[in-house]
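Undergrad: Here it is, the structure in full.
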Amino acid sequence: MIDPLCPSTERLLYLAGPYTTNEKGDTEEFIATAKTIGTELRRMGWALVIPHCNSLPIDGWCLARYLAEDFRIIRGCDALVILPHWQFSPGTRQEIEFATLRGIPVYDYRTLMPDWKG
């Protein structure tokens with residue numbers, strides 16, 4: 001268990017949030033949001049995995065293939081942090097369920113950044 005108000009590079013957080021929707025142009029916005037929140041969390045002292053920054057479209061890959069990789073990464077994390085609009089993302093909902101079933105705590109990003117005005 002982590003103390004959400006006591007940042008530590010000894011604890012690895014996975015940022016979970018939407019990457020794409022059916023509407024054109026959302027991917028860039030979601031990546032920017034993940035980068036902005038990730039930058040602030042890293043500045044605060046957390047160690048992070050930001051999948052938005054290492055996901056490239058690969059021909060022939062489907063959501064299930066990306067999620068299989070994500071699940072492998074989540075297994076090694078101390079907590080999962082959900083980003084804005086997570087509830088509209090089927091992939092993020094699956095990541096939350098995966099983490100929860102394995103006892104990995106799930107936090108809303110605002111819990112870790114109560115004073116952030118972003």
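The values are calculated or read from the model by the stated rules, or taken from the named source; none is laboratory data. Predicted, not measured: the structure shown is a model, and the values here were computed from it. Using ideal geometry, Cβ is built from the backbone for each residue, glycine included, and neighbour counts are taken over all protein chains shown. Each accessible area value is taken on the protein alone, full model and side chains, heavy atoms only, with ligands, DNA and RNA left out. Shrake-Rupley method; radii C 1.70, N 1.55, O 1.52, S 1.80 Å.
Undergrad: Among the residues of segment 79-100, which ones are in a helix (DSSP H, G or I), within 23 Å of Asp3 (Cβ to Cβ) and not aromatic (Phe, Trp, Tyr)?
TA: Scanning segment 79-100 gives Glu95, Ile96, Ala99, Thr100.
Undergrad: Give the residues of segment 28-48 that are open to solvent by 30 Å² or more (accessible area, probe 1.4 Å) and without any contact (Cβ under 8 Å) to a residue 40 or more places away in the chain, sorted by residue number.
TA: Restricting attention to segment 28-48, the residues satisfying the condition of being open to solvent by 30 Å² or more (accessible area, probe 1.4 Å) are 28-29, 31-33, 35-36, 39-40, 42-44.
Passing the criteria: Glu28, Glu29, Ile31, Ala32, Lys35, Thr39, Arg42, Arg43.
Undergrad: For segment 68-100: of the residues being among the polar types (S, T, N, Q) and at pLDDT below 95, which is farthest from Ala34 (Cα to Cα)? Break it down into steps so the answer makes sense when it comes.
TA: Pass one, segment 68-100, residues among the polar types (S, T, N, Q): 87, 89, 92, 94, 100.
Within this subset, residues satisfying the condition of being at pLDDT below 95 are 87, 89, 92, 94.
Numbers: Gln87: 15, Ser89: 14, Thr92: 13, Gln94: 18 Å.
Ranking the qualifying residues of segment 68-100, first place goes to Gln94.
Undergrad: When Arg65 is evaluated against the numbered criteria (1) assigned to a helix (DSSP H, G or I); (2) modelled with pLDDT of 90 or more; (3) loosely packed, with under 14 Cβ neighbours inside 10 Å, which criterion, by number, is the only one it fails?
TA: Failed condition: (2).
Undergrad: Okay, next question. Count, please, the residues in segment 68-95 that happen to be open to solvent by 50 Å² or more (accessible area, probe 1.4 Å) and hydrophobic (A, V, I, L, M, F, W, C).
TA: Residues that pass the stated criteria total 4.
Undergrad: Keeping to segment 106-118, report how many residues are part of a helix (DSSP H, G or I) and open to solvent by 80 Å² or more (accessible area, probe 1.4 Å).
TA: So in segment 106-118, the residues part of a helix (DSSP H, G or I) come out as 109-112.
Restricting the remaining residues to those that are open to solvent by 80 Å² or more (accessible area, probe 1.4 Å) gives 110.
The total comes to 1.
Undergrad: The conditions are (1) loosely packed, with under 13 Cβ neighbours inside 10 Å; (2) modelled with pLDDT of 95 or more; (3) part of a helix (DSSP H, G or I), and Gly103 fails exactly one of them. Which is it?
TA: (3) is the only condition that Gly103 fails.
Undergrad: Same structure, new question: Of the residues Arg43, Arg11, which is modelled with pLDDT of 85 or more, under 21 Å from Ala99 (Cα atoms) and of a type in the set (Lys, Arg)?
TA: On the way: Arg43 fails: under 21 Å from Ala99 (Cα atoms).
Matching residue, one of Arg43, Arg11: Arg11.
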